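The structure under discussion appears below in the form of structure tokens.
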Amino acid sequence: MKRDFLSIGDLTTKEIESLLIRAMELKSMQKSGVEFHPLKGKNLGLLFEKQSTRTRLSFEVAIAQLGGHSIYLSPNQIQMGRGEDIRDTAQVFARYLDAIVIRTYDHPMIEEWARYSTIPVINGLTDLHHPCQILSDLLTILEKKGRVCGIRMAYIGDGNNVAHSLIEGAALMGMKIRIATPGGYEPDKAIVERAGILAKETGASIEILQEPSEAVKDADVVYTDVWTSMGQEKEEEDRRGIFRRYQINRELMNRAEEDAIIMHCLPAHRGEEITEEMMESPRSVIFDQAENRLHMQKALLEMLMR
Ligand code: CP
Ligand code: NVA
């Protein structure tokens, strides 16, 4: 049976724990120069409708390091751009490839792909979720803080795809997450409700607030993302005003734990959601986060494609 990865909620707590352990093993193997090719002869498709630096690079390098091959496509390069049905495209892709990573707008579109595809479909970001990002972020938290369960995280900014996957990750891993967004930009209610039910089993807590300084109180991790996501460019000017107070800066970080780390999935807009100073501060683990995309993609591909 093929297995898809469309949201963090597709995994169990145990599976996430196994992926974290495996990613650490694969990382240390790579650092010590051990070659390992379990996916020799396998082909990974990447179908990206939005731009990407990290997700594309990390998947392409990950499959290459595991001995496989990747093919990058955008919808307008293939017949889909001229109206070929997703149902047909998905079935044809499955005749050539062993798994596919899709980055698109509408989340239901990737669900449709998954329904018609007989190979694993991996969500490389939709408007609703960014699960691969959060899997590797959990790895960064584990490395920096020595644990994930019980960690207090403050997320400052837009209740977007990254926030949704963080909420699901926190719920499954027993984290205490506070989300601070301006009114009207809160995360999706249904996602928060479902995560709330999971949280009861793991000891996690999820709080939705409006005040950034309240959210960061006692936080071990302070996380942010862009104010304007891909596809929302028309709202950029308005959002700059609305989100002005939702910035990671020195004053806000002074209210968090002294050893609190700063996280950002990137790309960042220095001077908007995070100051130049905080981006470069010793508390920032942002570039380790970016590196860990590679190690976690390898663990994920191994699990889904082997
Ligand atoms: N964080 C992330 O997914 O980056 P890209 O958009 O560059 O892939
Ligand atoms: N929320 C951002 C994340 C980019 C990795 C976006 O969707 O554009």
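The values are calculated or read from the model by the stated rules, or taken from the named source; none is laboratory data. Bear in mind that the values here come from a model prediction, so they are computed numbers and not experimental data. Every residue, glycine among them, receives a Cβ derived from its backbone with ideal geometry; neighbour counts consider all protein chains shown. Accessible surface areas use protein heavy atoms only, side chains included; no ligands, DNA or RNA. Shrake-Rupley method; radii C 1.70, N 1.55, O 1.52, S 1.80 Å.
Tabulated results
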read-out	value
Which numbered condition GLN30 misses (of (1) touching a residue at least 40 places away in the same chain (Cβ under 8 Å); (2) open to solvent by less than 50 Å² (accessible area, probe 1.4 Å))	(2)
Cross-chain or 6+ apart pairs with Cβ under 6 Å, region 49-72 first and within 19 Å of PHE287 (Cβ to Cβ), then assigned to a loop (DSSP other than H, G, I, E, B) and more than 7 Å from ligand 1 (Cβ to nearest atom)	THR55/GLY124
Single residue of region 36-65 satisfying the filter (crowded, with 17+ Cβ neighbours inside 10 Å and part of a loop (DSSP other than H, G, I, E, B)) that is nearest to ligand 2 (Cβ to nearest atom)	SER52
Condition check for ILE206: among the β-branched types (Val, Ile, Thr) and either surrounded by 15 or more Cβ atoms within 10 Å (Cβ to Cβ) or assigned to a loop (DSSP other than H, G, I, E, B) (or both)	yes
Criterion (of a type outside the set (S, T, N, Q) and in contact with a Cys (Cβ under 7 Å, 6 or more places away or on another chain)) met by exactly one of VAL162, VAL216, VAL192, VAL222	VAL162
Qualifying residue in region 72-92 (condition: touching a Phe, Trp or Tyr at 6+ places or on another chain (Cβ under 9 Å), small (Gly, Ala, Ser) and not in a helix (DSSP H, G or I))	yes
Residue match in region 79-92 (condition: crowded, with 20+ Cβ neighbours inside 10 Å and more than 15 Å from ligand 1 (Cβ to nearest atom))	yes
Subset of region 173-186 (residues that are hydrophobic (A, V, I, L, M, F, W, C) and either open to solvent by 10 Å² or more (accessible area, probe 1.4 Å) or modelled with pLDDT under 95 (or both))	MET173
Flag if MET279 is surrounded by fewer than 22 Cβ atoms within 10 Å (Cβ to Cβ), under 19 Å from GLY157 (Cβ atoms) and in contact with a His (Cβ under 8 Å, 6 or more places away or on another chain)	yes
Members of region 147-203 that are of a type in the set (Val, Ile, Thr) and not in a loop (DSSP other than H, G, I, E, B)	ILE156, VAL162, ILE167, ILE177, ILE179, ILE191, VAL192, ILE197, THR202
Residues located in region 208-253, provided they are more than 16 Å from ligand 2 (Cβ to nearest atom), within 20 Å of ASP137 (Cα to Cα) and charged (D, E, K, R)	ASP218, ASP220
In region 209-246, the residues that are touching a helix residue (DSSP H, G or I) at 6+ places or on another chain (Cβ under 8 Å), among the polar types (S, T, N, Q) and part of a loop (DSSP other than H, G, I, E, B)	THR228, SER229, GLN232
